[in-house]
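A.B. asks: Please find one structure pasted underneath; my questions will follow.
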Amino acid sequence: MKPVFLQGGTLVDPSQRLNEVGNLLIADGEIAGFGRIEAPDGAEVIDCEGLVVSPGFIDVHCHLREPGREDVETIATGARAAAAGGFTAVCAMPNTDPVTDNQAAVGFIVRQGQRAKAARVYPIGAISVGQEGKVLAEFGEMVGAGAVAVSDDGKPVASAQLMRTALEYARTFRIPVIDHCEEPTLSAGGAMNEGIVSAQLGLKGIPAEAEEIMVIRDILLARLTGGHVHLAHMSTKGSVELIRWGKERGINVTAEVCPHHLSLTEERVKGYDTNAKMNPPLRTQKDVDALREAVKDGTIDLVATDHAPHHYDEKEREFADAPNGIVGLETALAVLITNLVEPGHLTFPDLVDRMACTPARLFNLPGGSLKRGSAADVSVFDPGARWKVDASQFASKGRNSPYNGMTLVGRPACTVVAGSVVFRSGIPVRGREGERMNRVRG
Amino acid sequence: MTGTLGKDLLGLEELTGEQIRLILDTAEPFKEISERAIKKVPALRGSTIVNLFFENSTRTRISFEFAEKRLSADTVNVSASGSSVSKGETLVDTARNLEAMRIDMVVIRHSASGAAKFLADRIQSNVINAGDGTHEHPTQGLLDILTLRDKFGDLKGRRICICGDILHSRVARSNIWGLTKLGAEVAVCGPRSLLPNAIDEFGVRIFDRIEEAIEWAEALNVLRLQFERMTAGYIPSAREYNRVFGVTRERLDRARRDILILHPGPMNRGVEIDSDVADGPHSVILAQVTNGVAVRMAVLYLLAGGKPELAEAAKGGSGRGREDRE
C-alpha cells in the first residue's frame, strides 16, 4: 500500500492536545508521523491546505438495515455514506431482521463490513434474544465474533431486573450496555414531544419524563452493579441534569446526543413533516440549549447520529403512521459546525473529541488519535465550506433528512481508513512528481 | 381556483379574525336558501366535489352534501370501507387518483391529524378539512361560532366555556382558535386527564369544576365523551363523569344567568349532558345543525372563488359570472 501524505492541513487532535498546521504521514495502516516532516518517495500526497485533519469520526449509533431491509440501506451503502460524512467507523444497531443476537449474525455484519471497503463497521449485539426483553443474549460469543457493545435499541429494556443482569454480565467482557431510555407505557402511541405544539397539532405526545424515568433507573442500576451504562440519544434538559448527578457521584454512566437534538426543536414538526419525526422526538429550545451546554462541559460524552434510513414510501404518509428516524451520517459534521462551532458553543478540538477521541476511548475501538502508531483512521474536512444539502446526492439509500435544502457550513473532504483513502471530494491531489491532479470522487 | 380564503380550509388556526368574519357574513345570506321550497342555487354549477370520508360520519357528511347540492355542485361520496382504501391504498395514491380525475374540491374526514394538509400539499384541488384526527374541525368551529353570534351579536368579551374531552377534540381546538380570534374569552373545563398538559399555553382559562365554569360562562359548548376513553383509562366511568362533570339542570339552575347550551353531537344523553338541558329552552343544538349547512355553503362558495359581496346575488343567480337560470 502506498504511503499517504496529508500536506499542510491544520492537525486537530485533542488526544495529544495538538492544534497546529503540519503534515501527516500514513504508512502500513498506521500513523507514521506528523508535524514538519517531508513526504517520502512514492507517497500519495494530498494537499490539505485550509482543511482540518483529525482522527476519524466514529459513530457509535447507526442503523444499516442489513440483514432484512436491504431496499432501504445495506452495510455497503451505509459504510460508504459514513465515509462520505467523515466517519471512519460506525457501530451498527442490532434491530435487523433477523435480530443481531448471536455470534453468527454478528459475524455476518463483520464480513459485510469488510467487503464494503469503506468505513469500518462494528456490530452491536442485542441485550436479549430477539430484542424481546426476556432472555439474555450470548454476550460472550457475540463479543468473540466482533460485537463492541450490546443494546436492545429501539425496544427499550422495560424490565429493571433484565437491565441489572445485563450490566452485571457485561462487566466480564468490558463492553458498554447501551440503553434507549423510554418508559413504554408513558410513550405509547406518541408521535412527537408532548407540549404546546403536540396539543395544537393534535398529535399524541411523548413527555420528557418518559426518557428521564429510564435515565435515572439506568444510572441507579449502574451504581448498583458497577456496570457501564451508555445512554443513547439523550434529548431532554432533565436527562442532562440526571446524568450530571450520576457523574458527580462517580457512577459509570456515559451518554450521547444526536446532531438533530442539538439543532432542531418540536417547532419543526408543524406542517406534519415526517422527516421531523424521530424517537426520541425533537424537543424544545430549552432542551436544545441544555444539550449544547452538556456537550460542551462533557456531561454528554459524545455525538452519535442515530442514522435511520427509511424508504420514501414509508415516510410519505400520515404523520402518526410514519416510521421514526432520519438519515444523519452525511450531514452530522455540517450540522454540528453550523449549530455549535460557528455560534461559538464548541471549539474544533472539542468537536473532534466528541466525534472521534471519546467514542474510541469509551467503546475501546482503534483510532481516535493521530499519535504515531495509532490506526490510520483520519478525517479531513473543510471547516468553512458552505453547501446546500441535496438528499438525492447522498451515498446512503435514505433520503429522509430534515436538513434537505438547507445551507450548512463544513464539509468532509477526505476520509482515510486503515491507511486507504475511502472517500475524497474535490480535493486537489499532488502526485509524487508534484503535478496537480484534480481527483473527484466518482 | 383560489379565493379570499386561499386554496384550502384546513383549520381556523391559519385564518385571521377578518377571514372568519367573512365566512360568517357570507353564511348569512345562504341561511335563507335552506328555508325555500326549492333549495337550490346555481353558484357551483359544473363543479365536481368529492366527499372523502375515511372515518364514519353522519351529520358532517350529510351537512356537506346538502351544502354542495344546494349550490348545484356534482358530488361523489367515497367512504373508506368498500373503496380502494380498504384494499390498502395509501393516502398519497388516493390523492393522485382523485387529481387525475380532474375534480375541483375534496372534503376530507380522516382519523390522522394532518391528513387534510397532507392531501392539500399534494393536489391542486381545493381541500376542506371535515375533521382530521384530534387536530381541527374548522367548519364545526365556524358553525358553533355562527350560532353564538346569532344570539350574542359581537363575540368580543363574551365568555364561552368548552366542556369535556379537550385532549382528543378537534372541535375544541377549532373553537379555541376561532373564538379567541374574534375576541371572545374562552375557558375549558374537564378532568385534567382529558386536558392537554400544555393547555395553559393556549391562552384559555381553566376550570377544574363544572360548577365554577357555569358560574363564569355565558355559553357552554359541551363535547361528546367518547366511550373508548374509559377503556383507555382516562376516566373511571361514565357514571362518575356525569356526577362530577355532567351539565345538569340542577347545576344550571344555580347559575345567576341563563346559559346558552351548544353540543356538536352526537350526544350521550345522561353522560356529558342531561336530556332536560339538551331539550331545554336555552339549548341551540339544533340551530347549530341548521347553521352547519349555511356555513359549509359559504366555505364552498368562497373557496371556489366566489365574491363575498356577491353572495346575496349568487342566491338568485350566478356567483361566478354565469347567467341566471333559476
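The values are calculated or read from the model by the stated rules, or taken from the named source; none is laboratory data. Computed from a predicted model, the values in this text were never measured in an experiment. For neighbour counting, all protein chains shown are included, and Cβ atoms are generated from backbone atoms with ideal geometry for every residue, glycine included. When the accessible area is computed, the model is the full protein with side chains, heavy atoms only, and any ligands, DNA or RNA have been set aside. Shrake-Rupley method; radii C 1.70, N 1.55, O 1.52, S 1.80 Å.
A.B. asks: What is the log10 of I(q)/I(0) for the range B:125-216, computed with the Debye formula using one identical point scatterer on each Cα and no solvent, at q = 0.15 Å⁻¹?
C.D. replies: With one equal scatterer per Cα and no solvent, log10 I(q)/I(0) is -0.56.
A.B. asks: Assuming 1.306 mPa s and 10 °C, estimate D for the range B:234-307 with Stokes-Einstein, Rh taken as the Kirkwood radius over Cα pairs, in µm²/s.
C.D. replies: 110 µm²/s
A.B. asks: Further question on the same structure: Given H placed 1.01 Å from N in the peptide plane, which residues other than close sequence neighbours of residue B:73 have an amide H under 5 Å from its amide H?
C.D. replies: Under 5 Å from the amide H of residue B:73: B:44.
A.B. asks: Something else: Net charge within 15 Å of residue B:125 by Cβ-Cβ distance, Lys/Arg positive one each and Asp/Glu negative one each, not counting residue B:125 itself?
C.D. replies: Residues close to residue B:125 contribute a combined charge of -1.
A.B. asks: Hey, in the GNM for chain B with a 10 angstrom Cα cutoff, which one of B:80, B:116, B:219 fluctuates hardest?
C.D. replies: It is B:80.
A.B. asks: When only alpha-carbon atoms are used, what values of Rg and Dmax, in angstrom, describe chain B?
C.D. replies: So, for chain B, Rg and Dmax equal 19.7, 60 Å respectively.
A.B. asks: How far apart, in nanometres, would the label points at residue B:59 and residue A:171 be if each is projected 7 angstrom from Cα along the Cα-to-Cβ direction?
C.D. replies: So the label points at residue B:59 and residue A:171 sit 6.4 nm apart.
A.B. asks: Next question, about the same structure. Considering only A:8, A:422, A:161, whose Cα is most displaced toward the positive end of the charge dipole of chain A, charges sitting on Cβ of Lys, Arg (+1) and Asp, Glu (-1)?
C.D. replies: Value computed over the given set: A:8.
A.B. asks: Which value, in debye to the nearest 20, gives the size of the charge dipole of the range A:23-68 about its Cα centre, when Lys and Arg are +1 and Asp and Glu are -1 at the Cβ?
C.D. replies: So the dipole magnitude of the range A:23-68 works out to roughly 240 debye.
A.B. asks: From the square roots a ≥ b ≥ c of the eigenvalues of the alpha-carbon gyration tensor of the range B:193-282, which class results: rounded (a/c under 1.5), prolate (a/b over b/c), or oblate?
C.D. replies: oblate
A.B. asks: Quick check on chain B: helices-only [θ] at 222 nm, where DSSP H runs of length 4 and up contribute -39,500 (n - 2.57) each and the sum goes over total residues. Nearest 500, please.
C.D. replies: So the calculated ellipticity at 222 nm is -11000 deg cm²/dmol.
A.B. asks: At 1.4 Å probe size, with every protein chain present, just tell me what the per residue accessible area of the range A:107-256 comes to in Å².
C.D. replies: 37 Å²
A.B. asks: Would you kindly derive the ³J(HN,Hα) couplings of the range A:103-114 from the backbone phi angles with the Karplus curve 6.51 cos²θ - 1.76 cosθ + 1.60 (θ = phi - 60°), listing them in order in whole Hz, with x for Gly and Pro?
C.D. replies: Working through the residues one at a time gives 5, 5, 5, 4, x, 4, 5, 4, 5, 4, x, 5 Hz.
A.B. asks: What shape does the protein assembly as shown have by the C-alpha gyration tensor, where a ≥ b ≥ c are the square roots of the eigenvalues, rounded means a/c under 1.5, and otherwise prolate means a/b greater than b/c and oblate the rest?
C.D. replies: Prolate, because a/c is 1.5 or more and a/b exceeds b/c.
A.B. asks: Leaving out ligands, DNA and RNA, and with a 1.4 Å probe, what % of the accessible surface on the range B:213-326 is carbon or sulfur?
C.D. replies: About 49 percent, which is the carbon plus sulfur part of the accessible surface.
A.B. asks: Relative contact order for chain A: what is it in percent, counting Cα pairs under 8 Å that are at least 6 residues apart?
C.D. replies: 20 percent
A.B. asks: Let me confirm one metric for peptide A:266-273, namely the mean number of other chain beta-carbon atoms within 10 Å of its residues' beta-carbons.
C.D. replies: Mean shielding count: 2.
A.B. asks: Computed over the Cα atoms of the range B:130-289, what is the convex hull's projected area averaged over all directions, in nm²?
C.D. replies: About 8.3 nm², averaged over all directions.
A.B. asks: Charges on Cβ only, +1 for Lys and Arg, -1 for Asp and Glu, centred on the Cα centroid of the range B:183-293; of B:233, B:194, B:284, which one is farthest towards the dipole's positive end?
C.D. replies: B:233
A.B. asks: Where nothing but the Cβ of Lys and Arg (+1) and of Asp and Glu (-1) is charged, how large is the charge dipole of the range A:90-170 around its Cα centre, in debye to the nearest 20?
C.D. replies: 360 debye
A.B. asks: Which distance in nm do the two modelled labels at residue B:230 and residue B:313 give, with both placed 7 Å along the Cα-to-Cβ direction?
C.D. replies: Placing both labels 7 Å along Cα→Cβ, they lie 5.6 nm apart.
A.B. asks: Let me ask you something else. Rounded to the nearest 500 deg cm²/dmol, what is the calculated helix-only ellipticity per residue at 222 nm for chain A, with -39500 (n - 2.57) per DSSP H run of length n ≥ 4?
C.D. replies: Roughly -7000 deg cm²/dmol at 222 nm, from the helical runs in chain A.
A.B. asks: Roughly how many Å is it from the Cα centre of the range A:279-348 to that of the range A:49-92, as a whole number?
C.D. replies: 16 Å
A.B. asks: Let me ask another. What is the calculated FRET efficiency for residue B:101 to residue A:104, with r their C-beta to C-beta distance and R₀ = 45 Å, to the nearest 0.05?
C.D. replies: 0.30
A.B. asks: On a full-extension model of 0.36 nm per residue, what is the gain between residue B:45 and residue B:256, subtracting their alpha-carbon distance, rounded to one decimal in nm?
C.D. replies: Between residue B:45 and residue B:256, full extension yields an extra 70.9 nm.
A.B. asks: Give me the angle, in degrees from 0 to 90, between the Cα long axis of helix A:285-297 and the longest principal axis of the Cα atoms of chain A, rounded to the nearest 10.
C.D. replies: That helix lies at roughly 50 degrees to the long axis.
A.B. asks: For the range B:71-183, treating each Cα as an identical point scatterer without solvent, what Debye log10 I(q)/I(0) comes out at q = 0.11, 0.12 1/Å?
C.D. replies: Ignoring solvent entirely, the Cα scatterers give -0.46, -0.53.
A.B. asks: Can you list residues whose amide H is under 5 Å from residue A:92's amide H, if they're 5+ apart or on another chain and H is modeled 1.01 Å from N?
C.D. replies: A:122, A:124
A.B. asks: With each label point set 7 Å from Cα along the Cα-Cβ vector, what nm distance links residue A:342 and residue A:135?
C.D. replies: Inter-label distance under the simple model: 5.2 nm.
A.B. asks: Which one of A:17, A:268, A:399 has the biggest mean-square fluctuation once chain A is modelled by GNM with Cα springs under 10 Å?
C.D. replies: Checking each option, the largest mean-square fluctuation is seen for A:17.
A.B. asks: Ranked from highest to lowest mean number of other Cβ atoms within 10 Å per residue, what is the order of the peptides A:226-232, B:293-299, B:266-272?
C.D. replies: B:293-299, A:226-232, B:266-272
A.B. asks: Okay, moving on. Calculate how large, on average over all directions, the projected area of the Cα convex hull of the range B:110-159 is; give the answer in nm² to one decimal.
C.D. replies: Answer in nm², one decimal: 4.6.
A.B. asks: So for chain B, taking the charge dipole from beta-carbon charges (+1 Lys/Arg, -1 Asp/Glu), which of B:216, B:73, B:26 sits furthest toward the positive end?
C.D. replies: Of the listed residues, the answer is B:73.
A.B. asks: Carbon-plus-sulfur fraction of the accessible area of the range A:83-225, 1.4 Å probe, in percent?
C.D. replies: On the range A:83-225, the fraction of accessible area on carbon and sulfur atoms equals 53 percent.
A.B. asks: Can I ask one more? Over all directions, how big on average is the projection of the convex hull of the alpha-carbon atoms in chain A, in square nanometres?
C.D. replies: Reported value for the Cα convex hull: 19.1 nm².
A.B. asks: While we're here: Order these peptides, A:353-359, B:49-55, A:319-325, by their mean beta-carbon neighbour count within 10 angstrom, highest first.
C.D. replies: A:353-359, B:49-55, A:319-325
A.B. asks: Which pairs break 19 Å Cα to Cα here: A:237/A:296; A:155/A:277; A:2/A:117; A:204/B:7; A:270/A:315; B:69/B:315?
C.D. replies: Table pairs above 19 Å Cα-Cα are A:204/B:7.
A.B. asks: Taking the Cα centre of the protein assembly as shown as origin and charging only Cβ (+1 Lys, Arg; -1 Asp, Glu), how large is the dipole, in debye to the nearest 20?
C.D. replies: Dipole size: approximately 760 debye.
A.B. asks: Angle between the Cα long axis of helix A:75-84 and the longest principal axis of chain A, 0 to 90 degrees, nearest 10?
C.D. replies: It is inclined by approximately 60 degrees.
A.B. asks: Report, to the nearest 10°, how far helix A:160-170 tilts away from the longest principal axis of the Cα atoms in chain A, using its own Cα long axis and a range of 0 to 90°.
C.D. replies: Once rounded, the angle reads 30 degrees.
A.B. asks: Residues with amide H under 5 Å of residue A:87's amide H, sequence separation 5 or more or different chain, H placed in the peptide plane at 1.01 Å from N; which?
C.D. replies: Those qualifying (amide H under 5 Å, at least 5 residues apart or on another chain) number zero.
A.B. asks: Here is a further query. Label the range A:91-182 by shape, choosing from rounded, prolate and oblate, from the square roots a ≥ b ≥ c of the eigenvalues of the Cα gyration tensor; if a/c is under 1.5 it is rounded, and otherwise prolate applies when a/b is larger than b/c, oblate when it is not.
C.D. replies: Prolate, since a/c reaches 1.5 and a/b exceeds b/c.
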